[in-house]
Amino acid sequence: MTRRLAGLGPVRLGVDANAPDKSGTSRKAEKSPSRFPRFGGKPKPKAPVRPANKKKLIAKGIVLRADAATRSVPPLSSLDDEGDEMVTQAASRREPPKRDPKLRSKPQPRIGARTDMRMEPRPPSRGPGRRKKKSSGGGFFGRAVYWATVCCLWVAIAIGGLLFYYAMTLPDTSGLWDVTHAPSLSILAADGETLSHRGDLLGGMVTTAEMPAYLPQAVVATEDQRFYWHFGVDPIGLARAAYQNYRAGGIVQGGSTITQQLAKNVFLKPDRTFSRKIQEMLLAIWLEARYSKEQILTLYMNRVYFGGGAYGVEGASERFFKKTVRELSLPEAAMLAGLLKAPSHYSPTNDISRARNRAAIVLDNMQREGYITAVDARYAMAHPASLEGYSASGSINYFVDWVADVLPGFTGEPNTDLIVRTTIDPQMQRAAEEIVAKALAGEGAKLGVTQAAVVAMTPDGSVRAMVGGRSYAQSQFNRAVQALRQPGSAFKPFVYLAAMERGLTPETVRTDRPISYGGWAPSNYAGRFEGAMTLHRALAGSVNTIAVQVAQEVGIRNVIRTAQKMGIQENLPANLSLALGTCDLNLLELTAAYAAFANGGYGVIPHGIDEVHARDGTEVYRRQGSGLGRVMSEQALGEMNYMLKGVMTEGTGRRAALSDRQSAGKTGTSQDFRDAWFIGYTANLVVGVWVGNDNRAPMKKVTGGGLPATIWHDFMERTQTNVPVTELPGRYPLYEAPPVAVNEVPQSEATVEPERRRDWEEPGFFERLFGSASRDDRPSTIRPGAPGYR
């Protein structure tokens with residue numbers, strides 16, 4: 001028989017309910033119309049389901065998921081009383097463990113009854129043998145997490161191995177506390193006279209507790225604002241520096257902490273390499289783990305370089321302010337803290353205004369960090385620090401500064417007191433200071449000259465005297481070493497030396513006439529042209545047109561090579577105006593180049609240090625070697641000294657000539673009388689003189705043969721009177737011939753060498769390919785220059 005059961009639909013009941021039919025298959029429930037496609041009926045059109053009854057309908061759907069066609073139905077007698085209970089148990093096996101009790105309390109609607117709610121069909125239930133598939137999204141995410149974890153582990157292993165490798169290569173750290181005080185420098189003259197002291201002269205390391213509180217605060221506020229919380233490496237600082245460097249397209253900021261700087265200064269070399277940076281970080285972490293913040297700050301401030309040869313805060317205080325660190329004022333402390341970023345650039349001995357501007361930045365940092373009040377900052381800015389202890393006649397400090405700056409290149413960063421014996425001659429130094437002061441106060445004041453510089457050295461390059469300016473107290477800028485000015489005609493000896501090395505002689509004749517190269521037409525100082533003359537006469541009279549013709553004839557690049565061979569290190573422009581000195585040189589370098597004419601043709605390196613010893617007598621450095629080797633032939637040496645002696649006897653340098661000994665030299669005047677030079681020498685001494693103005697203002701027609709020649713003459717007369725007379729090296733001519741006076745050779749009667757090409761004048765590849773212009777109108781790519789060089 002068939003009976004309709006609530007929740008199951010039509011079901012066959014009876015003993016033969018499960019018996020196979022004639023086709024051999026189990027008899028299935030009769031099909032009847034149903035709202036549920038699961039039981040064979042076509043679904044009626046769905047009505048919108050109200051959200052409030054969603055849970056209820058879903059729960060009812062769970063009850064209706066039983067498949068009556070495939071279930072074994074018990075006898076009818078057991079279903080009469082327990083039918084509803086069985087349906088409930090069947091539904092409970094498919095329902096979630098927890099259900100809303102409100103769903104059970106409401107009666108289930110009878111199948112076939114009309115209702116306003118329509119239930120959505122549920123997907124068929126899985127059979128007991130089917131396995132649940134993982135979603136594709138969850139599987140991908142799990143795999144990504146897994147491989148990311150694996151990669152992170154391998155990266156961590158690699159980094160650990162790298163750190164272990166660099167940790168094994170770290171330098172010895174046992175000497176961290178070996179220095180009991182800041183290293184000091186004692187600068188001595190050649191005769192042992194003490195010139196200056198630099199560094200901690202009092203002995204003993206100064207702790208942060210002994211310093212004024214605002215000094216370490218200024219250092220922390222400027223160098224490492226997060227010093228008291230990081231672990232030796234500042235991730236925020238590194239990220240900030242990396243961002244700024246990325247924006248600038250280069251390295252403009254560093255992220256090193258005070259601890260890292262200490263590790264670099266004490267244990268490492270200043271190489272900018274990846275391995276050095278890793279070692280620096282490892283040492284910084286080790287220092288932070290072993291020492292307190294105050295100990296690290298104490299070590300740093302007693303070992304760091306402050307510029308001007310001062311190592312440690314005590315040495316810097318003595319160097320710049322002539323007082324102990326315990327006596328420093330707030331403006332002085334701010335100035336010292338400001339030096340740490342770039343000691344040479346911000347050094348008050350180089351530019352006091354720049355140092356004060358840097359100190360103002362430090363004061364702003366201290367106010368922002370809360371170390372000082374706004375009132376304190378304004379007062380310190382209104383009363384900036386000043387250099388103390390230097391007198392107007394203390395020009396020896398120009399030389400001492402130069403020695404202190406070049407010393408680390410010979411000794412490295414010292415960790416002990418050093419005694420430096422220099423080449424300076426105190427008597428020559430005092431003579432140079434007095435003569436310069438007198439010349440500037442007298443004739444210089446009338447001619448609009450405010451500054452002068454003097455360098456005196458022996459023919460082997462040993463500096464005996466150096467004056468870098470009018471007053472070291474007023475300006476610590478060393479015009480003998482740091483100033484780059486145009487030498488004018490003082491550069492011409494390199495042009496003529498290149499010509500002598502290529503076959504020309506002092507008697508070679510060239511014509512002083514109007515010339516033009518690419519629109520540039522050099523002229524002479526006198527404003528006239530004198531026709532044919534020898535090279536000897538042209539150099540003595542500083543004739544510009546012939547100097548340019550000779551440079552064109554021998555090749556301007558050959559002139560540059562000759563100057564560099566003589567010791568000129570600055571970049572030189574490859575155009576014909578270089579023959580008239582349109583380049584920037586410093587006085588020390590140019591004077592050293594002339595020394596080769598005085599010593600027999602050997603290039604020299606100017607130097608001021610003979611030897612360096614530690615305080616206990618250990619030798620640290622001793623000068624060895626002679627210089628650059630031979631830079632000119634014997635014949636060229638004789639020819640050049642012959643011509644340069646003519647400058648003193650019959651040319652532009654007559655005012656500098658010495659009466660009791662041979663001397664030679666060359667004058668130089670730059671455009672608009674902005675610079676005037678005289679470089680001269682005897683067999684015993686080479687002296688260079690420069691006069692001008694710091695703002696490059698023109699002087700009142702001062703030439704190299706005027707005030708500079710006078711200073712040179714007065715200095716030589718005062719320092720060389722008792723020196724034995726020695727002739728200059730080299731001979732020309734080999735036989736004596738009567739000298740030819742200037743202006744005695746008429747142009748029509750001058751003996752002109754035949755125009756022939758020498759081997760070294762043969763045309764090059766491009767000249768053979770495109771042809772060459774005439775000797776008179778040879779084109780040039782030089783920029784138009786201004787005449788008037790002498």
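The values are calculated or read from the model by the stated rules, or taken from the named source; none is laboratory data. Just so you know, these numbers come straight off a predicted model, no measurement behind them. Counting neighbours? That spans all protein chains shown, and the Cβs are built from the backbone with ideal geometry, glycine included. Surface accessibility is based on the protein's heavy atoms, side chains included, excluding ligands, DNA and RNA. Shrake-Rupley method; radii C 1.70, N 1.55, O 1.52, S 1.80 Å.
Tabulated data for the structure shown
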| item | result |
| --- | --- |
| Semi-axis lengths, Å, segment 410-458, gyration tensor of Cα atoms, sqrt of 5 times eigenvalues | 34, 13, 9 |
| Förster radius 51 Å - calculated FRET efficiency between residue 516 and residue 229 (Cβ-Cβ, nearest 0.05) | 0.10 |
| Net charge contributed by nearby residues that have their C-beta within less than 14 Å of residue 592 (K/R +1, D/E -1) | -1 |
| Modelled FRET efficiency - R0 45 Å, residue 610 with residue 286, Cβ distances, 0.05 increments | 0.65 |
| Amide H contacts of residue 464 (H built 1.01 Å from N, under 5 Å, at least 5 apart or other chain) | 456, 457, 458 |
| Exposure rank, largest accessible area first [197, 713; 1.4 Å] | 197, 713 |
| Rough spin-label spacing in nm, given labels placed 7 Å along Cα→Cβ, for residue 523 and residue 723 | 4.1 |
| Heavy-atom accessible area ranking, 1.4 Å probe, most first, across 536, 383, 613 | 383, 613, 536 |
| Gained length - residue 446 relative to residue 411, 0.36 nm times residue gap less alpha-carbon distance | 8.0 nm |
| Gyration tensor verdict on segment 395-485 (Cα atoms; rounded if a/c is under 1.5, prolate if a/b is larger than b/c, oblate otherwise) | prolate |
| Residue 410 accessible area, assembled protein chains, probe 1.4 Å, Å² | 100 |
| Distance between modelled label sites at residue 571 and residue 341, nm, 7 Å Cα→Cβ extension | 2.6 |
| Cut-off under 5 Å, modelled amide H: who pairs with residue 518 long-range | 780 |
| Separation in nanometres of the label points that stand 7 Å from Cα toward Cβ, at residue 635 and residue 322 | 6.0 |
| Along each principal axis, Cα extent of segment 628-714, largest first, Å | 42, 31, 20 |
| ³J(HN,Hα), Karplus 6.51/-1.76/1.60, whole Hz, each residue of segment 367-380, x for Gly, Pro | 5, 5, 7, x, 7, 9, 8, 5, 5, 4, 5, 5, 5, 5 |
| With all protein chains modelled, accessible area of residue 634 [1.4 Å, Å²] | 110 |
| Amide H contacts under 5 Å for residue 372, placed H, 5+ residues apart | 367 |
| Only Lys, Arg (+1) and Asp, Glu (-1) charged, at Cβ; segment 475-539 dipole about Cα centre in debye | 180 |
| For segment 666-728, with +1 on Lys and Arg beta carbons and -1 on Asp and Glu, the positive-most of 702, 668, 682 along the dipole | 702 |
| Contour minus Cα-Cα distance for residue 159 and residue 701 (0.36 nm per residue) | 188.1 nm |
